[in-house]
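See structure below.
The values are calculated or read from the model by the stated rules, or taken from the named source; none is laboratory data. This is a predicted model, so every value here is computed, not measured. Please note: Cβ atoms are built from the backbone with ideal geometry, for glycine as well, and neighbour counts cover all protein chains shown. Each accessible area value is taken on the protein alone, full model and side chains, heavy atoms only, with ligands, DNA and RNA left out. Shrake-Rupley method; radii C 1.70, N 1.55, O 1.52, S 1.80 Å.
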Amino acid sequence: MITALGHLAQVNGSKIFFYNQSDKETQSFSYAQTRMLSAALAQELAKRGVSQGSHVACSLYNGPEFVFLALAAAYGGFTLATLNPRLSEEEQRLRKVELESAVHEHDIMVLTDKAIRRMIVDALGFSMYDVAKNGTVPTT
């Protein structure tokens, strides 16, 4: 996955993906920004007990948080399971229990976009949107 993103950066220039919401500004992230944000997220997850070989679940729509988490899984060596965010809370809870039973692991962390954004701020001291807006790492 990391090699594929590097190839995209070489072919398409500095920006490797764009995220557009109809009611907000389009954000774009370079390969370097994506790697930095993903590595920071992987480190923050490690601080919270996610280790190589463990499992993390997420309930996310397509967006930058999903890209960062997928790459963080590659960096951290953990398995990422996706839950359909359109499911009810009860249905998601059932899927989590099924996952925990299948992999023999208890209390698997389920991440949302809000939790991922918070972890990035905790790890770096600034948000992923600050990075997209400024084009570089913000200075304090």
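What to note about this one:
- Here A81 fulfils each of the conditions (1) aliphatic (A, V, I, L, M); (2) in contact with a Leu (Cβ under 6 Å, 6 or more places away or on another chain); (3) assigned to a helix (DSSP H, G or I); (4) open to solvent by 20 Å² or more (accessible area, probe 1.4 Å) apart from (3).
- Scanning segment 17-74 for residues that are modelled with pLDDT of 90 or more, open to solvent by less than 40 Å² (accessible area, probe 1.4 Å) and among the β-branched types (V, I, T) yields V50, V56.
- Considering residues of segment 52-81 that are in contact with a helix residue (DSSP H, G or I) (Cβ under 8 Å, 6 or more places away or on another chain) and of a type in the set (S, T, Y) only, the residue farthest from F29 (Cα to Cα): T79
- The condition (being within 18 Å of G49 (Cα to Cα), of a type in the set (D, E, K, R) and at pLDDT 95 or above) is satisfied by just one residue among E100, E90: E100.
Every residue, every condition in (1) assigned to a helix (DSSP H, G or I); (2) in contact (Cβ under 8 Å) with a residue 40 or more places away in the chain, yes or no:
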site	(1), (2)
A42	yes, no
S51	no, no
C58	no, yes
L69	yes, yes
E91	yes, no
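- Residue in segment 104-119 that is assigned to a helix (DSSP H, G or I) and surrounded by fewer than 15 Cβ atoms within 10 Å (Cβ to Cβ) present: yes
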